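Quick note: the coordinates plus some simple rules give every number you see, no bench work behind them. On a predicted model such as this, the values are computed, not experimentally measured, just so you know. We place every Cβ from the backbone using ideal geometry, glycine too, and count neighbours over all the protein chains shown.
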Amino acid sequence: MKKFFFFILFCLIVFFGLTYWSLSIGPSEIYISKIVEPEAITSEGSQNTEKVKVSATNQYSANGLKRFMQGVNYRKAWETPVTAEIFYLDSFEILDEGGGNQTISLDILGPEGALYSLRSVNKDPTPLIPKVAKVLKLENIVRDGISAQHPYGALLAASLAEHAGLLHTHPKIVYVPEQKKLQKFSKPYGYRLYLLEYETEGDYNWTPYKNVVKIVETDELQEMKTELGKRLQIDTKKLIRARLFDLLIGDWDRHAKQWGWVLQQQEDQLVAIPLPGDRDNAFFRIDGVIPTILTNELVQPMVRPFEKDLDHIQGYVYPFDLYFLKNVSEKIFIEEAKALQESLTDEKMAAAMQQWPRELQQLNGDEILEKLISRRDKLQEYAIDFREEIERLDYPEVPLKGSEDLELPAHLKKCFECN
């Protein structure tokens, strides 16, 4: 027994020793949004060309030990130069800063009246670092964990959504140099790589739908429901298809603040069509000793890896789903799964992959496509399991994320169609 105890102690010492050693490994100098062709921007910030090649960052580069302990992930994708349009805000108006726990962003108004967001490709997870990790000097585990996100996964998700008949925010890669129009935001936001995309709210209709009144976020949709009652409905089938699409691409982070709603007038009713936003965690790749332990379903069930098989369906079910999708028949879930399978053929998904930058296709394309095909083929099984989990759980007991300050009637706090 004593030998076994010392063996376990020895293994723990080795594990923590390798962990701290791997945390110390990294480039001697870290860069953010490095231009491969520096002559594309002059020192005065004038434009020599319309596009430039940019590498997001080298901060996730790693040797064999670090890759073993903290994962291979998408480290090469973060460092791979991609072509970005040089973006000047001459005809845009800066409205405010946005962003969440990891992403810095600017909300801007386009010349046509549409709302856009400039979302930083590079992330800063500082707000997510637990105090205990700081005390134990393990912050780099969280920082390095960003390498599990694909920096340009949102672009591929949008291409796939187009083939699936779902709305998306039309993200594109842009490089923003420092410029007078940035004003007080010039230093923190200048010389950075961003995804420019439509916002999930606004009065301007940029979608293909006709008779659109406006685009709202979930909290405003709830407020409108208190006034309109039965005259405001959601497109349940489209929402189910959108959520099954999330399962397909492995996007496990789908809380209420990441959804907009396109309000379409249909005779005497308003129908809310779901508009997904924020694809930071699509195709989330987890490997390595430490991430595998930390994202085990018994430790962190809501962080799911993008593999050939979808494991632990419970990790994909959010209060958002309970609020909008309880008591929907299994038949509708299966029908929408079939519709996705029919629309996302091998050929269509390969075509969507071609919309991705060529460098990323060569780097991650085959692996991601293989996983997509495997998950698509099992989508009806996933749909049934997903619905069963929604029905097994109770309605949310607390307001949806982003709706905490709303004064809603008791029934509308519980679910969208509760009386």
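The DSSP beta bridges internal to region 206-419 are antiparallel in roughly 80% of cases. Calculation over all alpha carbon pairs of region 206-419 in 10 angstrom steps from 0 returns a P(r) of 8, 30, 35, 20, 6, 0 percent. Couplings for region 285-298, taken from phi via the Karplus curve 6.51 cos²θ - 1.76 cosθ + 1.60 with θ = phi - 60°, read 10, 10, 8, x, 5, 5, x, 5, 5, 5, 9, 4, 4, 7 Hz in order; Gly and Pro are left as x.
The loop-placed trypsin sites (Lys or Arg not before Pro) in region 243-323, going by DSSP, that have at most 15 neighbouring Cβ atoms within 10 Å of their Cβ come out as Lys308. Region 337-395 and region 397-419 have Cα centres lying 31 Å from one another.
Among His150, His411, His170, a tally of other beta-carbon atoms within 10 Å of each Cβ gives an order, fewest to most, of His411, His170, His150.
Taking GluC sites (Glu not before Pro) in DSSP loop conformation with at most 11 other Cβ atoms inside 10 Å as exposed sites, the chain has its longest uninterrupted site-free stretch at 113-266. Within the chain, the percentage of alpha carbon pairs spaced more than 30 angstrom apart rounds to 47%. Our helix-only sum for the chain, with -39,500 (n - 2.57) per DSSP H run of n ≥ 4 divided by its residues, gives a mean residue ellipticity at 222 nm of -10500 deg cm²/dmol. Projecting the Cα atoms of Ala351, Gln269, Phe416 onto the charge dipole of the chain (Cβ charges, centred on the Cα centre) puts Ala351 farthest toward the positive pole.
Given the options Leu195, Leu344, Leu294, state which has the largest fluctuation in a GNM of the chain using a 10 Å cut-off (strictly under) for Cα springs. Fluctuation is largest for Leu294.
Short-range pairs are left out: with C-alpha atoms under 8 Å and at least six residues apart, the relative contact order of the chain is 15 percent. Summary value for region 205-281: 40 percent relative contact order, contacts being C-alpha pairs under 8 angstrom separated by 6+ residues. Loop-located trypsin sites (Lys or Arg not before Pro) in region 142-218 (DSSP state not H, G, I, E or B) with no more than 10 neighbouring Cβ atoms inside 10 Å: Lys210. With neighbours defined as other Cβ atoms within 10 Å of a residue's Cβ, the residues Thr169, Thr207 order from fewest to most as Thr207, Thr169. For the pair Gln314 and Gln266 in one chain, pulling the backbone fully straight at 0.36 nm per residue adds 13.8 nm over the alpha carbon distance.
Proximity of backbone amide H atoms, modeled 1.01 Å from N, is registered between Lys51 and Ile86 at under 5 Å, excluding neighbours fewer than 5 places apart on the same chain. Converting phi to 3J(HN,Hα) with the Karplus coefficients 6.51, -1.76 and 1.60 and the offset θ = phi - 60°, region 109-120 yields 9, x, x, 8, x, 7, 8, 10, 10, 9, 9, 4 Hz in sequence order, with x at every glycine or proline. Taking Cβ atoms as reference points and 11 Å as the exclusive limit, the residues near Glu417 contribute a net charge of +4, counting Lys and Arg as +1 and Asp and Glu as -1. How high is the relative contact order of region 206-419, in percent, counting Cα pairs under 8 Å that sit 6 or more residues apart? So the answer I get is 26 percent.
Amide H contacts of Glu199 (H built 1.01 Å from N, in plane; Pro and chain starts excluded): Leu115, Tyr116, Ser117 sit under 5 Å, all sequence-distant by 5 or more or on other chains. Which value in nm describes the separation of the simple spin-label points at Val289 and Asp203, placed 7 Å from the Cα toward the beta carbon? For Val289 paired with Asp203, the spin-label model returns 5.9 nm.
Per-residue Karplus couplings for region 398-412, computed as 6.51 cos²θ - 1.76 cosθ + 1.60 with θ equal to phi - 60°, are listed in order as 10, x, 5, 4, x, 10, 4, 8, 6, 9, 9, x, 3, 5, 7 Hz, Gly and Pro entered as x.
Please work out the Cα center distance from region 150-178 to region 187-203, rounded to the nearest Å. If you average the Cα positions of each part, the centres end up 13 Å apart.
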